[in-house]
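A.B. asks: The structure follows.
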Amino acid sequence: MAPATLAMIREGSAKKGDVLGVARLAGIMGAKRTADLIPLCHPLPISSVKVELVPDAAASAVEIEATVKTTGQTGVEMEALTAASVAALTVYDMCKAVDRGMRIEGLRVTHKEGGKSGFFEQA
């Protein structure tokens, strides 16, 4: 995003309100609705969803990290990816009036443990 857009987010002066707070909430809600959004993705008993949004002045970006936990015996990668995606889309929606050139990029699973496939760490 443009540096001025990031400054607006950090100052909390966006016309639509607290961009980071609203995006965090949207991400959490997105994780809980994953099975409704992605065909053949079954609903899971989610025990925890955390969405962190960190402004990065050097990159002129907002870094988003979603962590999802379940008590079930399956992975929650889709829920975490959905949470991060919805949070990023919310940032875009709330700031598009001042910066239509923003990009959403780098969405990926960086860490996973448990479930049938076990442990994964992005190199």
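The values are calculated or read from the model by the stated rules, or taken from the named source; none is laboratory data. Here the structure is a predicted model, which is why all the values come from computation and not from measurement. Glycine gets a Cβ as well: all are built from the backbone with ideal geometry, and neighbour counts include every protein chain shown. When the accessible area is computed, the model is the full protein with side chains, heavy atoms only, and any ligands, DNA or RNA have been set aside. Shrake-Rupley method; radii C 1.70, N 1.55, O 1.52, S 1.80 Å.
A.B. asks: Tell me yes or no: at least one residue of segment 50-60 is at pLDDT 95 or above and of a type in the set (Val, Ile, Thr).
C.D. replies: Yes, that holds for at least one residue.
A.B. asks: I'd like the residue in segment 12-22 that is over 16 Å from the mean Cα position of the chain (by Cα) and not charged (D, E, K, R) and, out of all such residues, is surrounded by the most Cβ atoms within 10 Å (Cβ to Cβ).
C.D. replies: Ala14
A.B. asks: Name every residue in segment 81-123 that is open to solvent by 80 Å² or more (accessible area, probe 1.4 Å) and among the hydroxyl-bearing types (Ser, Thr, Tyr), in order of residue number.
C.D. replies: Of everything in segment 81-123, just one residue is open to solvent by 80 Å² or more (accessible area, probe 1.4 Å) and among the hydroxyl-bearing types (Ser, Thr, Tyr), namely Ser117.
A.B. asks: Please specify each residue of segment 78-122 satisfying the condition of being in a loop (DSSP other than H, G, I, E, B) and touching a Ser or Thr at 6+ places or on another chain (Cβ under 8 Å).
C.D. replies: Passing the criteria: Val98, Asp99, Met102, Ile104, Leu107, Gly115, Lys116, Gln122.
A.B. asks: Do you know which residues across segment 53-81 are touching a helix residue (DSSP H, G or I) at 6+ places or on another chain (Cβ under 6 Å) and among the hydroxyl-bearing types (Ser, Thr, Tyr)?
C.D. replies: Ser60
A.B. asks: What do you reckon, is Glu11 among the acidic types (Asp, Glu) and closer than 20 Å to Gly106 by Cα?
C.D. replies: no
A.B. asks: Only one residue in Leu44, Leu25, Leu40, Leu6 is among the hydrophobic types (A, V, I, L, M, F, W, C) and exposed (fewer than 11 other Cβ atoms within 10 Å of the Cβ), so which one is that? Don't jump to the end; show me each part of the working.
C.D. replies: Values: Leu44 fails: exposed (fewer than 11 other Cβ atoms within 10 Å of the Cβ); Leu25 fails: exposed (fewer than 11 other Cβ atoms within 10 Å of the Cβ); Leu6 fails: exposed (fewer than 11 other Cβ atoms within 10 Å of the Cβ).
Exactly one of Leu44, Leu25, Leu40, Leu6 is among the hydrophobic types (A, V, I, L, M, F, W, C) and exposed (fewer than 11 other Cβ atoms within 10 Å of the Cβ), namely Leu40.
A.B. asks: Within segment 7-18, does at least one residue satisfy the condition of being more than 27 Å from Thr74 (Cβ to Cβ) and hydroxyl-bearing (Ser, Thr, Tyr)?
C.D. replies: There is at least one residue in segment 7-18 that is more than 27 Å from Thr74 (Cβ to Cβ) and hydroxyl-bearing (Ser, Thr, Tyr).
A.B. asks: Collect the residues in segment 47-74 that are in a loop (DSSP other than H, G, I, E, B), open to solvent by 80 Å² or more (accessible area, probe 1.4 Å) and of a type outside the set (Val, Ile, Thr), keeping them in residue-number order.
C.D. replies: Within segment 47-74, Ala58, Gln73 meet the criteria.
A.B. asks: Based on what the data block shows, is Gly75 farther than 16 Å from Lys112 by Cβ and small (Gly, Ala, Ser)?
C.D. replies: no
A.B. asks: Mind checking which pairs have a first residue in segment 97-108 that is closer than 9 Å to Met1 by Cβ and a second that is part of a loop (DSSP other than H, G, I, E, B) and at pLDDT 95 or above, Cβ under 9 Å, 6 or more apart or different chains?
C.D. replies: Hits for this filter: Asp99/Met1; Asp99/Ala2; Gly101/Met1; Gly101/Ala2; Met102/Met1; Met102/Ala2; Met102/Lys96; Arg103/Met1.
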